[in-house]
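See structure below.
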Amino acid sequence: MCLCIYPGVHGAMSPEHYLPAALGTFEGCEPLQDRVCRVCNGHIGNQTETQFLRAGPIAFFRWMVGIEGRDGLPPSPFHQGAGGAPRLVMLGKAPDAPYDILCEIEWGAERAFPMRQIVVDGGIAGIHPIAITDRMRTDPVPLTQELEARGLTGSMPLRVIAGPEDVPWITGLLRAIGATPPAEWTTLDCEPQRQMFVVTTGVTDAYFRAVAKIVFHYALKMFPELTGAEPEFASIRDFIWSGGTAAKFVRQRPDQFVENFRRGARPTHWMHLLAVVRSYERIVGYAQFFAGPGGLPPPFEIWIGRDPSRIVRPVERRAHQFVILNPGTQSGLVGRMEDAQPAHLVWRP
């Protein structure tokens, strides 16, 4: 008999890694058993986790911290989007000019450097950097389309930022679209100004469905007497499976749910945090990904549902931190899962 809690075409039951392996594999983190079949697990992963892990804020931190997936190094989120979400756009000031240039982060490091690009002057449309992709090596149409979409047709190239080996083919590319190659070329070794970088991204409801799935499955792991098939959880199951109004289930908090963070503390290592609070009235979960020494991304609050218990029960809390001790490792464990109660082990004032 299949016990899968989701409505898909069922197969054999599958161990479910409630925290996706692409966020790291952690000592002590055991998968959720006997709740999700292999077919439904794959469907949910394809529908939600592809975007969650390879686009948007999570992709930015995965790339910066250096967390590989099962298949090795993920595609750069600065070069391509995923799951219907666009690539990351990171802008920094040019080192010797007042305009912005496109930047990206070095894998596994906190160093920014310029992307390969042209900077064009569109007159009243302003000065804009345009990424030069590998696809443009043999086809100028994508560059023409990008310029048209941004109202920059006929704009004047001011500068090219590229490697020396790129000069010949980018020169040909510009001539192919009727533009005159600029006199100023800059190598990729130039350092953007460090005062501020602005990263723009976009996500769909798939991103928030992935957050809901992680926390819902974590709650089932923490409270094994819950099957996940209870009618009180029908709404969040439907949201995870097929989408809907994300704001009904997942809310990005304006404050921190970890008391240590509220008081100004910061982790000594990068980490993920998951927590769930169960009372007689309701079950609510919390998640924060890539909290670290250099910053605290906004946490999430997730409405899981009413508690199925018909008896009055005291409030119960479960919380764990998944501490990244070996970022950049190509195989094996990147860290360990710890009970979040002994906070003095990882926080510093």
Within the range 273-290, is there a residue that is modelled with pLDDT of 95 or more, outside any strand (DSSP E or B) and surrounded by 15 or more Cβ atoms within 10 Å (Cβ to Cβ)?
no
Verdict on V36 being within 29 Å of E338 (Cα to Cα) and not assigned by TED's automatic domain parsing to the domain that holds T227
yes
Restricting attention to the range 142-161, which residues are surrounded by fewer than 20 Cβ atoms within 10 Å (Cβ to Cβ) and not in a strand (DSSP E or B)?
P142, T144, Q145, E146, E148, A149, R150, G151, L152, T153, G154
Among the residues of the range 115-141 satisfying the criterion of being aliphatic (A, V, I, L, M) and in a loop (DSSP other than H, G, I, E, B), which is farthest from the chain's Cα centre (by Cα)?
I132
Subset of the range 223-249 that is within 17 Å of V203 (Cβ to Cβ) and in a loop (DSSP other than H, G, I, E, B) - its residue that is modelled with the highest pLDDT
F249
Given the options R263, R313, name the one that is surrounded by fewer than 15 Cβ atoms within 10 Å (Cβ to Cβ), over 18 Å from the mean Cα position of the chain (by Cα) and closer than 30 Å to G108 by Cα.
R263
Within the range 53-63, does at least one residue satisfy the condition of being farther than 21 Å from E191 by Cα, free of Cβ contacts under 8 Å to residues at least 12 places away in the same chain and of a type in the set (G, A, S)?
no
Restricting attention to the range 105-114, which residues are surrounded by fewer than 21 Cβ atoms within 10 Å (Cβ to Cβ) and either charged (D, E, K, R) or touching a strand residue (DSSP E or B) at 6+ places or on another chain (Cβ under 6 Å) (or both)?
E106, E110, R111, A112
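For the range 52-83, give me each residue that is farther than 16 Å from W270 by Cβ and touching a helix residue (DSSP H, G or I) at 6+ places or on another chain (Cβ under 7 Å). Don't jump to the end; show me each part of the working.
At the first step, the residues of the range 52-83 found to be farther than 16 Å from W270 by Cβ are 52, 54-56, 69-83.
Correct list: F52, G56, G69, R70, P74, P75, S76, P77, A82, G83.
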Could you identify the single residue in Y280, Y286 that is in contact (Cβ under 8 Å) with a residue 60 or more places away in the chain and among the hydroxyl-bearing types (S, T, Y)?
Y286
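For the structure I just gave you, tell me whether E225 is among the acidic types (D, E) and either without any contact (Cβ under 8 Å) to a residue 60 or more places away in the chain or assigned by TED's automatic domain parsing to the domain that holds I132 (or both). Step through it out loud before you land on a result.
Numbers: among the acidic types (D, E): yes; either without any contact (Cβ under 8 Å) to a residue 60 or more places away in the chain or assigned by TED's automatic domain parsing to the domain that holds I132 (or both): yes.
Criteria met by E225.
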Condition test on Y218, is it within 17 Å of V276 (Cβ to Cβ), at pLDDT 95 or above, assigned to a helix (DSSP H, G or I) and among the aromatic types (F, W, Y)?
yes
For the condition out of contact with any strand residue (DSSP E or B) (no Cβ under 8 Å at 6 or more places or on another chain) and surrounded by 15 or more Cβ atoms within 10 Å (Cβ to Cβ), what is the one hit in D205, D134, D139?
D205
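Residue under question is R237, and the condition is that it be under 17 Å from P308 (Cα atoms), buried (at least 17 other Cβ atoms within 10 Å of the Cβ) and of a type outside the set (V, I, T); does it hold? Full working, then the answer.
Values: under 17 Å from P308 (Cα atoms): yes; buried (at least 17 other Cβ atoms within 10 Å of the Cβ): yes; of a type outside the set (V, I, T): yes.
Considered against the rule, which asks whether it is under 17 Å from P308 (Cα atoms), buried (at least 17 other Cβ atoms within 10 Å of the Cβ) and of a type outside the set (V, I, T), R237 comes out as yes.
The values are calculated or read from the model by the stated rules, or taken from the named source; none is laboratory data. Fair warning: this is a prediction, and the values are worked out from it, not measured in the lab. Cβ: placed from backbone, ideal geometry, glycine included. Neighbour counts: every protein chain shown.
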